[in-house]
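Heads up, the thing below is written out as structure tokens.
Each value in this text was obtained by applying a stated rule to the coordinates, not by laboratory testing. Just so it is clear, the structure is predicted and the values come from calculations on it, not from any experiment. Here the Cβ positions follow ideal geometry from the backbone for every residue, glycine too, while neighbour counts run over all protein chains shown.
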Amino acid sequence: MIAESAKVHPSAVIEDGAVIGENVTIGPFCHVGGLVELADDVVLMSHVVVIGRTSVGRGTRIFPSAVIGGDSQSVHHSAVDTRLVIGENCTIREGVTMNTGTVEHGGLTSVGDNNLFLAYAHVAHDCRLGSNIILSNNVMLAGHVVVEDRAILGGGSAVHQFTRVGRQAFVGGLSAVSYDVIPYGMLNGNPGILSGLNVVGMSRAGHDKAVIHQVRRAYKSIFEGTGSVRANAAAIRDDYLDCAPVMEILDFIGAESDRALSSPTRGKKG
């Protein structure tokens, strides 16, 4: 079904069954599969491929040569229909690839709202991304990665499968992210080392200096204390019940995960 207000270039291919919303623009040489849903005001600029059981949220713009909704690249992919859901007002630049999920792990790759994916970034099967995230050029997310709201990943960084990147974390360019990155953490290098807090990002997000100082004190207690990271985090919980960012970090550390936590020392050479 194609809405009457949609603008479709004559060279575009739209398979039977696709749902095309109001005021959608589909440019030259695009290919839209029969299981695709494009919400109102979506723009496919040119040479864009959207296939699989994929839905794209209102106002999202997709630039040339992006391939959205391709099958999982997992060797265990069973070829059963799985899904990719993309939220509203995302910008997906040239050459970006996003895969559908795998049936073995719930069958869904999900992307939130207002995200920016720069050229040739890759979102693999079963990833779960929040909103207001930036993936810079050539960022590579392996399968099952979780990226929480407002995180920023620098160009060429690579994230190991099943790894979590916490809310408003910052990952430097060319970093290898092998372990979970706490909310508000800053990680750099290969191997990636936790190098402090994303204080600039916290300030830009409206956290006042008093809150930032509390988070800094908590960070020091967690990673410089005499016990393990998890023991240190548990020990300070009652001291920070009124500080939401610290509690978010503590909850992240306490949650179950398939990966260990990044730290200032884990993976450090010498």
Determine the sum of side-chain charges near residue 242: Lys and Arg each +1, Asp and Glu each -1, restricted to other residues whose C-beta is under 14 angstrom from that of residue 242. -2
Amide H to amide H under 5 Å from residue 43: which residues, 5+ apart in sequence or cross-chain, H placed 1.01 Å off N in plane? 25, 60, 61, 62
Region 112-134 residues near the modelled residue 71 label - backbone nitrogen below 17 Å, point 7 Å along Cα→Cβ: 124-126
Excluding residue 3 itself, calculate the net charge of residues whose Cβ lies under 15 Å from the Cβ of residue 3, where each Lys or Arg counts +1 and each Asp or Glu counts -1. -3
Mean-square fluctuation maximum in Gaussian network of the chain, Cα pairs under 10 Å, restricted to 16, 242, 81, hits 242
Distance between modelled label sites at residue 104 and residue 255, nm, 7 Å Cα→Cβ extension: 2.3
Compute a Gaussian network model of the chain, connecting alpha carbons closer than 10 Å, and tell me which residue from 129, 153, 197 fluctuates the most. 197
Any idea how far apart residue 242 and residue 211 come out in nm if each label point goes 7 Å out from Cα toward Cβ? 1.5
For region 104-196, projected area of the alpha-carbon convex hull averaged over all directions, nm²: 4.9
Output the 0 to 90 degree angle, nearest 10, between the alpha-carbon long axis of helix 244-254 and the longest principal axis computed from the alpha carbons of the chain. 90
Helix axis angle, 209-224 relative to the chain longest principal axis, alpha carbon, degrees: 70
Range in the chain, longest, excluding exposed trypsin sites (Lys or Arg not before Pro) [loop by DSSP; at most 12 other beta-carbon atoms within 10 Å]: 1-267
FRET efficiency, residue 46 to residue 268 (Cβ-Cβ, R0 41 Å, nearest 0.05): 0.35
Report for the chain the percent antiparallel among DSSP-assigned beta bridges with both residues inside it, nearest 5. 5
Cα radius of gyration and Dmax for region 203-254 (Å): 10.8, 33
For residue 268, the lysines lying under 30 Å Cα to Cα, once residues fewer than eight places off in the same chain are dropped, come out as 220
Gain upon complete extension [residue 204, residue 15; 0.36 nm per residue less C-alpha separation]: 63.6 nm
Using a Förster distance of 22 Å, how high is the FRET efficiency between residue 174 and residue 234, based on the Cβ-Cβ distance and rounded to 0.05? 0.05
